[in-house]
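Chemist: Dropping a structure here in structure tokens format, bear with me for questions.
The values are calculated or read from the model by the stated rules, or taken from the named source; none is laboratory data. Because the structure is predicted, anything quoted here is derived from the model rather than measured. Counting neighbours? That spans all protein chains shown, and the Cβs are built from the backbone with ideal geometry, glycine included. To get the accessible areas, we keep the full protein, side chains included, count just its heavy atoms, and leave off ligands, DNA and RNA. Shrake-Rupley method; radii C 1.70, N 1.55, O 1.52, S 1.80 Å.
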Number of protein chains: 2
Amino acid sequence: MEEEIVKLEEAREEFVAQWGIMGAQWGINRTMAQIHALLMTAPEVMSTDEVMETLAISRGNAHTNLKDLVSWGLIRIVTKKGERKEFFEAEKDVWEIFRRVARERKRREIDPALETLRNCKAASEDMKSAEGKAFHDQMGQLEDFVSFASKMGDRVASMQHGKAIKLAMKFFS
Amino acid sequence: MEEEIVKLEEAREEFVAQWGIMGAQWGINRTMAQIHALLMTAPEVMSTDEVMETLAISRGNAHTNLKDLVSWGLIRIVTKKGERKEFFEAEKDVWEIFRRVARERKRREIDPALETLRNCKAASEDMKSAEGKAFHDQMGQLEDFVSFASKMGDRVASMQHGKAIKLAMKFFS
DNA sequence: ATGAACTTTCAGTAAATACTGAAAATTGAT
DNA sequence: ATCAATTTTCAGTATTTACTGAAAGTTCAT
């Protein structure tokens with residue numbers, strides 16, 4: 001039965017490593033994604049020291065990324081009574097994870113981009129030249145698309161899991 | 001009327017810069033995103049030299065990123081008769097841009113991640129411990145979610161623009 | 001008020017990523 | 001076959017991003 005524990009740890013390590021790579025490809029720092037993966041598959045809450053030790057990273061690094069994960073709403077701080085230390089626990093529901101990431105990325109990245117697109121569109125509003133008109137038109141198309149996608153995201157993210165599943169079923173019919 | 005040209009160039013520069021920042025936030029290199037933005041708003045096809053000059057970057061950099069954009073299907077090579085140089089032209093249709101990015105990211109990033117999730121799930125298939133079962137279950141949930149999202153993406157990406165719009169309308173009703 | 005337990009910050013450093021520029025390779029016209 | 005135009009590659013370098021570790025700050029029990 002000891003064998004099972006080893007196998008589990010191996011599988012978990014593979015998952016943590018791959019989640020880190022995937023995070024990096026999507027513009028999230030590798031360590032943050034790894035900590036997230038670690039906590040998602042942790043049977044119990046973990047302290048900063050445990051995270052440090054498991055991933056072999058420094059206190060500063062662990063601390064910063066744990067706090068970033070908290071600010072993304074992907075993990076939460078838990079305190080045990082009688083203990084002064086903070087422990088961390090991940091949101092494990094995939095639908096909830098998706099919703100939180102979608103919300104944050106909208107707020108942090110999509111909205112500022114939309115702002116720029118609107119600026120560029122406005123700046124080229126009354127242009128007479130063919131180039132000016134084409135640019136204005138292109139900005140308009142991009143703005144429409146991005147704001148549409150963003151609204152879709154909002155809409156989906158604010159749904160209950162069950163509703164979303166139903167919708168998806170309809171979608172595939 | 002000269003004034004309009006200046007204003008247009010300013011707006012275009014703002015767009016190029018912001019698109020670069022956004023790209024970087026989504027794990028795409030800044031220069032690649034900037035070249036893409038530049039070509040999306042170019043009234044004419046551009047040569048490597050023109051791209052180099054406009055963005056003040058080296059030949060190697062311009063070359064590498066132009067070829068990467070071609071491999072993403074976001075720009076294409078155009079030749080002018082009587083000229084040996086290659087020119088580049090961007091796909092301008094936002095829906096088509098979205099489809100190509102979705103396809104490539106699936107192929108390059110989602111599919112490998114799914115592979116790992118399946119591995120981890122399989123590796124913990126017959127585990128008896130509570131930890132093993134919980135891990136297996138978590139991998140299963142993640143796999144279901146990712147593969148579902150990926151299928152949705154496929155489905156949407158393979159739609160015609162018009163169909164997608166209709167669907168979206170239904171969605172918002 | 002003191003001090004141990006713990007968290008936070010941050011200057012310095014390491015690692016990863018992106019870029020340059022020039023040399024090598026390729027292409028196509030003569 | 002030669003050569004000028006053009007594309008491609010890549011060793012070296014610069015820039016950006018991430019990490020370390022230790023010092024400073026905070027909190028809470030006594």
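Chemist: Can you tell which of B:ASP137, B:ASP154 is open to solvent by 30 Å² or more (accessible area, probe 1.4 Å), closer than 23 Å to B:ARG105 by Cα, in a helix (DSSP H, G or I) and of a type outside the set (S, T, N, Q)? Before you say what the answer is, go through the steps one by one.
Modeler: Values: B:ASP137 fails: closer than 23 Å to B:ARG105 by Cα.
Being open to solvent by 30 Å² or more (accessible area, probe 1.4 Å), closer than 23 Å to B:ARG105 by Cα, in a helix (DSSP H, G or I) and of a type outside the set (S, T, N, Q) holds for just one of B:ASP137, B:ASP154, which is B:ASP154.
Chemist: Would you be able to say whether some residue in the stretch A:142-157 is of a type in the set (A, V, I, L, M, F, W, C) and either touching a strand residue (DSSP E or B) at 6+ places or on another chain (Cβ under 8 Å) or over 21 Å from B:MET169 (Cα atoms) (or both)? Please lay out each step first, then the result.
Modeler: Filtering the stretch A:142-157 down to residues of a type in the set (A, V, I, L, M, F, W, C) leaves A:142, A:145-146, A:148-149, A:152, A:156-157.
With either touching a strand residue (DSSP E or B) at 6+ places or on another chain (Cβ under 8 Å) or over 21 Å from B:MET169 (Cα atoms) (or both) added as a condition, the list becomes none.
Checked against the condition, which is being of a type in the set (A, V, I, L, M, F, W, C) and either touching a strand residue (DSSP E or B) at 6+ places or on another chain (Cβ under 8 Å) or over 21 Å from B:MET169 (Cα atoms) (or both), the stretch A:142-157 yields no hits at all.
Chemist: Of the conditions (1) under 22 Å from the mean Cα position of the chain (by Cα); (2) crowded, with 18+ Cβ neighbours inside 10 Å, A:PHE148 fails just one. Which one is it?
Modeler: Among (1) under 22 Å from the mean Cα position of the chain (by Cα); (2) crowded, with 18+ Cβ neighbours inside 10 Å, A:PHE148 violates only (2).
Chemist: State which residue pairs qualify: first residue open to solvent by 80 Å² or more (accessible area, probe 1.4 Å) and inside the stretch A:73-96, second residue within 16 Å of DNA strand D (Cβ to nearest atom) and modelled with pLDDT of 95 or more in any location, beta carbons under 6 Å apart, and separation of 6 or more residues or different chains.
Modeler: A:LYS85/A:SER47
Chemist: Can you tell me which of (1) touching an Asp or Glu at 6+ places or on another chain (Cβ under 6 Å); (2) in a helix (DSSP H, G or I) is the one A:MET127 doesn't meet?
Modeler: If we test A:MET127 against (1) touching an Asp or Glu at 6+ places or on another chain (Cβ under 6 Å); (2) in a helix (DSSP H, G or I), just (2) comes out false.
Chemist: Next question, about the same structure. When the stretch A:45-61 is examined, which residues are found to be hydrophobic (A, V, I, L, M, F, W, C) and farther than 15 Å from A:THR79 by Cα? Can you show your working first?
Modeler: Step one: of the stretch A:45-61, the residues hydrophobic (A, V, I, L, M, F, W, C) are A:45-46, A:51-52, A:55-57.
Matches in the stretch A:45-61: A:VAL51, A:MET52, A:LEU55, A:ALA56, A:ILE57.
Chemist: Checking the conditions here, which among A:ARG107, A:ARG99 is out of contact with any Pro (no Cβ under 6 Å at 6 or more places or on another chain), surrounded by fewer than 17 Cβ atoms within 10 Å (Cβ to Cβ) and part of a helix (DSSP H, G or I)?
Modeler: Working: A:ARG99 fails: surrounded by fewer than 17 Cβ atoms within 10 Å (Cβ to Cβ).
Criteria check complete, one pass: A:ARG107.
Chemist: Within the stretch A:3-50, how many residues are within 16 Å of DNA strand C (Cβ to nearest atom), assigned to a helix (DSSP H, G or I) and either over 15 Å from the mean Cα position of the chain (by Cα) or at positive phi (or both)?
Modeler: Residues flagged as within 16 Å of DNA strand C (Cβ to nearest atom), assigned to a helix (DSSP H, G or I) and either over 15 Å from the mean Cα position of the chain (by Cα) or at positive phi (or both) within the stretch A:3-50 amount to 6.
Chemist: When the residues of the stretch A:51-71 are narrowed to those that are touching a residue at least 12 places away in the same chain (Cβ under 8 Å), within 11 Å of DNA strand D (Cβ to nearest atom) and in a helix (DSSP H, G or I), which ends up most open to solvent (accessible area, probe 1.4 Å)?
Modeler: A:HIS63
Chemist: On the basis of being more than 8 Å from every other protein chain (Cβ to nearest Cβ) and open to solvent by 40 Å² or more (accessible area, probe 1.4 Å), does A:GLU14 make the cut? First the steps, then the outcome.
Modeler: Values: more than 8 Å from every other protein chain (Cβ to nearest Cβ): no; open to solvent by 40 Å² or more (accessible area, probe 1.4 Å): yes.
The answer is no for A:GLU14.
Chemist: To continue, here is another question. All but one of (1) more than 7 Å from chain A (Cβ to nearest Cβ); (2) loosely packed, with under 13 Cβ neighbours inside 10 Å hold for B:LYS128; which doesn't?
Modeler: Condition (1) is where B:LYS128 drops out.
Chemist: May I ask you to list the residues in the stretch B:29-50 that are of a type outside the set (D, E, K, R) and open to solvent by 50 Å² or more (accessible area, probe 1.4 Å)? Before you say what the answer is, go through the steps one by one.
Modeler: Our first condition is that a residue be of a type outside the set (D, E, K, R); within the stretch B:29-50, this holds for B:29, B:31-43, B:45-48.
Hits for the stretch B:29-50 are B:ASN29, B:PRO43.
Chemist: Also, I was wondering about something else. Return the residues of the stretch A:131-153 that are more than 8 Å from every other protein chain (Cβ to nearest Cβ), in contact (Cβ under 8 Å) with a residue 12 or more places away in the chain and not small (Gly, Ala, Ser); say none if nothing qualifies.
Modeler: A:HIS136, A:GLU143, A:VAL146
Chemist: For the structure I just gave you, tell me whether B:TRP26 is free of Cβ contacts under 8 Å to residues at least 12 places away in the same chain and either open to solvent by 30 Å² or more (accessible area, probe 1.4 Å) or more than 11 Å from DNA strand D (Cβ to nearest atom) (or both). Even if it seems obvious, please write down each step before you answer.
Modeler: Values: free of Cβ contacts under 8 Å to residues at least 12 places away in the same chain: yes; either open to solvent by 30 Å² or more (accessible area, probe 1.4 Å) or more than 11 Å from DNA strand D (Cβ to nearest atom) (or both): yes.
Judged against the criteria, B:TRP26 is a match.
Chemist: Output the residue which, of all residues in the stretch A:72-105 that are among the basic types (Lys, Arg) and within 12 Å of chain B (Cβ to nearest Cβ), is nearest to DNA strand D (Cβ to nearest atom). First the steps, then the outcome.
Modeler: The first filter runs over the stretch A:72-105 and keeps only residues among the basic types (Lys, Arg), leaving A:76, A:80-81, A:84-85, A:92, A:99-100, A:103, A:105.
Now narrow it down to the ones that are within 12 Å of chain B (Cβ to nearest Cβ): A:92, A:99, A:105.
Numbers: A:LYS92: 23, A:ARG99: 23, A:ARG105: 15 Å.
Within the stretch A:72-105, the match that is nearest to DNA strand D (Cβ to nearest atom) is A:ARG105.
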